[in-house]
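Visitor: Sharing a structure, written as structure tokens. Questions coming.
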Ligand code: FDP
């Protein structure tokens, strides 16, 4: 491995995983997801913006990109030989791949988060959370790996198996090669990315945002969870929030598919992720649909959000 902060070229994802992680099955699983993402990239770049159920020029059935991305990932994972259960943001039920869960993994994913942004040519992403065994309702702190793939001007893949956070970029041969190893976050930062309608914020969240603004934080919000988190993580500063709202006490974002994997990655980079009252990774999911408010990013910023919420709600 190279020293933290130093760039190392031409290390591909498989080699990096082999060097950092001894478990061959986990390496295999992460590489399957990376391979699947190449087809998702291709669909995003070249596909008609088809609506599910319609036909293209050749009379073939068109699938909406999120449905297509879901099928691509599900197929790869089902044939990987190392997966017990799958739960996808696109489907209402758990998909059992193997009833024998010993030595296997369960995977929760959002195949194409922010898919409505494809229509306006903004960045979107795939988010993945991996657990050992067959239980998909474990607290996020039990994740053995989390990753996302960001489809922007470049396609980048960010993963952690609990040994730091590493970023890869897709090259001309559609391989992911290492661009940054051991990404870390500063304790406080100069950007904030606020989801939800501000006039529905609680008094505590509103005071927190005013405090951020008074400290000179700049607004950076695209409306895509993956690019917005990626900005905070790669700039190594700032905070993303989708808080509890007056008409939505649990916010909008989903625990299994969005919050747990991102909380795992941000904590691995030295940041923090909280509902405003408790650590995201300690929440015990009760259903596939669980949602929670989130304040995620630089440690001190998250702690300050918690202080405002403790005082003012
Ligand atoms: P979208 O509804 O476009 O799929 O996961 C949902 C999500 O996008 C996130 O990507 C994004 O952070 C959030 O919703 C944006 O919500 P708002 O439009 O309410 O800000």
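The values are calculated or read from the model by the stated rules, or taken from the named source; none is laboratory data. Predicted, not measured: the structure shown is a model, and the values here were computed from it. Note: ideal-geometry Cβ built from the backbone for every residue, glycine included; neighbour counts use all protein chains shown.
Visitor: Name the residues in the range 236-256 that are part of a loop (DSSP other than H, G, I, E, B) and over 18 Å from residue 289 (Cα atoms), would you?
Guide: Initial filter on the range 236-256 (part of a loop (DSSP other than H, G, I, E, B)): 236-238, 243-244, 246-247, 249-253.
Residues satisfying the conditions are 236, 237, 238, 246.
Visitor: Here's another thing I want to ask about it. If we scan the range 157-177, do we find a residue that is buried (at least 19 other Cβ atoms within 10 Å of the Cβ) and within 16 Å of the ligand (Cβ to nearest atom)?
Guide: Taking the range 157-177 as the starting set, the residues that turn out to be buried (at least 19 other Cβ atoms within 10 Å of the Cβ) are 157-161, 165-168, 170, 176.
Cutting the leftovers down to within 16 Å of the ligand (Cβ to nearest atom) gives us 158.
Yes.
Visitor: If you scan the range 189-233, which residues turn out to be within 13 Å of the ligand (Cβ to nearest atom), within 29 Å of residue 155 (Cβ to Cβ) and not in a loop (DSSP other than H, G, I, E, B)?
Guide: 193, 194, 219, 225, 226, 227, 228, 229, 230, 231, 232
Visitor: Filtering the range 236-258 down to residues that are within 14 Å of residue 299 (Cα to Cα) and away from the ligand (no atom under 12 Å from the Cβ), which residue is surrounded by the most Cβ atoms within 10 Å (Cβ to Cβ)?
Guide: Keep residues of the range 236-258 that are within 14 Å of residue 299 (Cα to Cα), which gives 236-241.
If we keep only those that are away from the ligand (no atom under 12 Å from the Cβ) too, we end up with 236-239.
Working: 236: 16, 237: 20, 238: 25, 239: 30.
This residue is 239.
Visitor: Then there is this: When only residues in the range 259-273 that are in contact (Cβ under 8 Å) with a residue 40 or more places away in the chain and not in a helix (DSSP H, G or I) count, which is nearest to the ligand (Cβ to nearest atom)?
Guide: The initial filter retains those residues of the range 259-273 that are in contact (Cβ under 8 Å) with a residue 40 or more places away in the chain, namely 259-266, 268-271.
Cutting the leftovers down to not in a helix (DSSP H, G or I) gives us 269-271.
On the way: 269: 19, 270: 22, 271: 17 Å.
Per the stated criteria, the residue is 271.
Visitor: A follow-up question, please. What do you reckon, is residue 238 touching a residue at least 60 places away in the same chain (Cβ under 8 Å) and within 13 Å of the chain's Cα centre (by Cα)? So that I can check it myself, show each step before the final result.
Guide: Details: touching a residue at least 60 places away in the same chain (Cβ under 8 Å): yes; within 13 Å of the chain's Cα centre (by Cα): no.
Here the answer is no, as residue 238 does not meet what is asked.
Visitor: A further question on this structure: Mind checking which pairs have a first residue in the range 107-126 that is without any contact (Cβ under 8 Å) to a residue 60 or more places away in the chain and a second that is more than 10 Å from the ligand (Cβ to nearest atom), Cβ under 6 Å, 6 or more apart or different chains?
Guide: Close Cβ pairs satisfying both conditions: 115/65.
Visitor: Go through 311, 284 for me and flag whichever is assigned to a loop (DSSP other than H, G, I, E, B), in contact (Cβ under 8 Å) with a residue 60 or more places away in the chain, surrounded by fewer than 23 Cβ atoms within 10 Å (Cβ to Cβ) and more than 14 Å from the chain's Cα centre (by Cα).
Guide: Values: 311 fails: assigned to a loop (DSSP other than H, G, I, E, B).
Result: 284 is the single residue among 311, 284 that is assigned to a loop (DSSP other than H, G, I, E, B), in contact (Cβ under 8 Å) with a residue 60 or more places away in the chain, surrounded by fewer than 23 Cβ atoms within 10 Å (Cβ to Cβ) and more than 14 Å from the chain's Cα centre (by Cα).
Visitor: Only one residue in 297, 271, 236 is touching a helix residue (DSSP H, G or I) at 6+ places or on another chain (Cβ under 7 Å) and on the phi > 0 side of the Ramachandran plot, so which one is that? Give the derivation first.
Guide: Details: 271 fails: on the phi > 0 side of the Ramachandran plot; 236 fails: touching a helix residue (DSSP H, G or I) at 6+ places or on another chain (Cβ under 7 Å).
Going through 297, 271, 236 in turn, the sole match is 297.
Visitor: Another question about this same structure. Go through the residues of the range 141-151 one by one and say whether even a single one is modelled with pLDDT of 95 or more, part of a strand (DSSP E or B) and farther than 22 Å from residue 23 by Cβ. Break it down stepwise before answering.
Guide: First, the residues of the range 141-151 that are modelled with pLDDT of 95 or more: 141-151.
With part of a strand (DSSP E or B) added as a condition, the list becomes 145-151.
Then keep just the ones that are farther than 22 Å from residue 23 by Cβ; that gives 150-151.
The answer is yes; a qualifying residue exists.
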